[in-house]
Amino acid sequence: MTEPVAIPRGLPMERDAGPFNPPSQITQLRETRPVCPMIFPDGHEGWFVTGYEAVRQLMADTRFSSRQDIGIIHVPFETPGMPVQTEPSPPEPGLFISMDPPDHTRLRRKLIGAFTVRRMKQLEEHITEITERQLDHLASLTPPVDLVAEFALPVPSLVICELLGVPYTDRETFQANSTRFMERDISLDDKIAAYGAMMGYLTELVTRKRAEPGDDILSDLARHDDLSIEELTGAAFLLLLAGHETTANMLALGTFALLEHPHQLAELRDNPDLMPDAVEELLRYLSVGDLFYRYATEDIELGGETIPEGSTVFVSLLAANHDPKRYDNPDTLDIHRNARGHLSFGHGVHQCLGQQLARIEMRAGFTGLLRRFPSLKLAVPAGEVRLRTDMNIYGVHALPVTWTDTAR
Ligand code: HEM
């Protein structure tokens, strides 16, 4: 039996194997023991799951409870000052990502209709229009510019604001506070302050929507009398946060990855029909939402190990998506591979509610960007791009890009 891995201060986050690959320590761990005991920084013992099969099995098994904070309010065992947890946290009202069935089912069911493939197909044209308008804005700037600030963040923010009925003009409030949550090293006090500011803002918003519902997803939710204002606020918080942080980082890190693979980028520019498969591969390869928590509600067999009841379990989707037992040459970006089955949107009852929306945004975003900026390139050496190793959702803090000409 291998000894538990001691994790000195959170998991290794430095990308020593390149900006797109898992940290080498995590890869090594997956090769030696894909379901492995680990010691959290506070001395608390838990488990770390990195193998594709084990991660998939775990996410499909609701005996692994999601009632474990996942970094939205506090990151257990990692946030300085965070009390040690000995049992699942009471769910925050409305935050159904941290709930188990039937509480989870009750809330998720009310939202499914708004995010179906059919509904998203109806919205595709409109999302493409929003994307093209943002590309017009980008083209009007004098390069070099930061692609995150001018394109990758505005597109999903504009889209989710419109769908939810959140005024985009209030973005300063919710973007700044949601960025604070994503910081791994933030103090508990700062995290609570950012959470309080965001919840205050959203409580007012959903209270207005309950009084005067409009034509948007939060208004539709507010029409359900059996949901309290606290539940509406929590659900709004989850949708707003999940709806822009993840896709924004995929757009920016995805562009960085394509610029670093110029042959594949050229192929995609010449043949946009390759885009849907390329997006799946980028989702797999980059896995921007990597680390998730679960909690074992009973003794559970997984990958030949027994995870005892009460254990905190940490899951790496990035490690799973780079498992050579599932994908050949997993550390290579290959837009021609069939990447379906990747776990980047999770698996099981919590599988990403917004995945069709995210796919449409990414297809429209990458296709438009490549078409309109035929000479797009990095404005700094690749080694100088600031990676988000300090954040809960991976990506780049900024992506300085430049170009010499634009097209329609
Ligand atoms: C859940 C990833 C975009 C809303 C999840 C989960 C993952 C994920 C891995 C599962 C979490 C778990 O099992 O604990 C991503 C990625 C995205 C993305 C990589 C972009 C590329 C979006 C968008 C929305 C969204 C655009 C818009 C509303 C949600 C919600 C959940 C969720 C509400 C919770 C579902 C539940 O608990 O039933 N996402 N997501 N996501 N995502 Fe996304």
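Here are the numbers for this structure:
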{"quantity": "Among (1) in contact with a helix residue (DSSP H, G or I) (Cβ under 8 Å, 6 or more places away or on another chain); (2) buried (at least 19 other Cβ atoms within 10 Å of the Cβ); (3) charged (D, E, K, R), the one test that residue 281 misses", "calculated": "(1)"}
{"quantity": "Within region 154-171, tally of residues that are closer than 25 Å to residue 407 by Cβ and within 13 Å of the ligand (Cβ to nearest atom)", "calculated": "4"}
{"quantity": "Any hit, region 335-353, residues being of a type in the set (Phe, Trp, Tyr), within 13 Å of the ligand (Cβ to nearest atom) and surrounded by 15 or more Cβ atoms within 10 Å (Cβ to Cβ)", "calculated": "yes"}
{"quantity": "Some residue of region 181-199 being surrounded by fewer than 19 Cβ atoms within 10 Å (Cβ to Cβ), outside any helix (DSSP H, G or I) and within 15 Å of the ligand (Cβ to nearest atom)", "calculated": "no"}
{"quantity": "Selection count where residues are touching a helix residue (DSSP H, G or I) at 6+ places or on another chain (Cβ under 8 Å) and surrounded by 21 or more Cβ atoms within 10 Å (Cβ to Cβ), scope region 298-317", "calculated": "5"}
{"quantity": "Residue that is modelled with pLDDT under 90, under 23 Å from the mean Cα position of the chain (by Cα), crowded, with 21+ Cβ neighbours inside 10 Å and more than 28 Å from residue 164 (Cα to Cα), where the choices are 11, 58", "calculated": "11"}
{"quantity": "Condition check for residue 245: outside any loop (DSSP other than H, G, I, E, B), closer than 30 Å to residue 201 by Cβ and within 14 Å of the ligand (Cβ to nearest atom)", "calculated": "yes"}
{"quantity": "When residues of region 107-152 are limited to those that are assigned to a loop (DSSP other than H, G, I, E, B) and modelled with pLDDT of 95 or more, the one surrounded by the most Cβ atoms within 10 Å (Cβ to Cβ)", "calculated": "143"}
{"quantity": "Hits in region 200-213 (condition: surrounded by fewer than 17 Cβ atoms within 10 Å (Cβ to Cβ), closer than 25 Å to residue 176 by Cβ and not hydroxyl-bearing (Ser, Thr, Tyr))", "calculated": "200, 204, 208"}
{"quantity": "Residue in region 21-46 that is surrounded by the fewest Cβ atoms within 10 Å (Cβ to Cβ), counting only those that are farther than 30 Å from residue 333 by Cβ and modelled with pLDDT of 85 or more", "calculated": "37"}
{"quantity": "Boolean, residue 164 is under 21 Å from the mean Cα position of the chain (by Cα) and on the phi < 0 side of the Ramachandran plot", "calculated": "yes"}
{"quantity": "Yes/no for residue 174 being of a type in the set (Phe, Trp, Tyr), away from the ligand (no atom under 15 Å from the Cβ) and either crowded, with 22+ Cβ neighbours inside 10 Å or in contact (Cβ under 8 Å) with a residue 12 or more places away in the chain (or both)", "calculated": "no"}
{"quantity": "Residue list for region 208-220, restricted to those being part of a helix (DSSP H, G or I) and in contact with a helix residue (DSSP H, G or I) (Cβ under 6 Å, 6 or more places away or on another chain)", "calculated": "209, 210, 217, 218, 219"}
{"quantity": "Residue tally, condition in contact (Cβ under 8 Å) with a residue 60 or more places away in the chain and not in a helix (DSSP H, G or I), over region 153-171", "calculated": "2"}
{"quantity": "Hits in region 347-379 - residues which are assigned to a loop (DSSP other than H, G, I, E, B) and in contact with a strand residue (DSSP E or B) (Cβ under 7 Å, 6 or more places away or on another chain)", "calculated": "376, 379"}
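The values are calculated or read from the model by the stated rules, or taken from the named source; none is laboratory data. Since the structure is predicted, the reported quantities are computational estimates derived from the model, not experimental observations. Because the Cβ atoms are built from the backbone with ideal geometry, glycine has one as well, and the counts that use them run over all protein chains shown.
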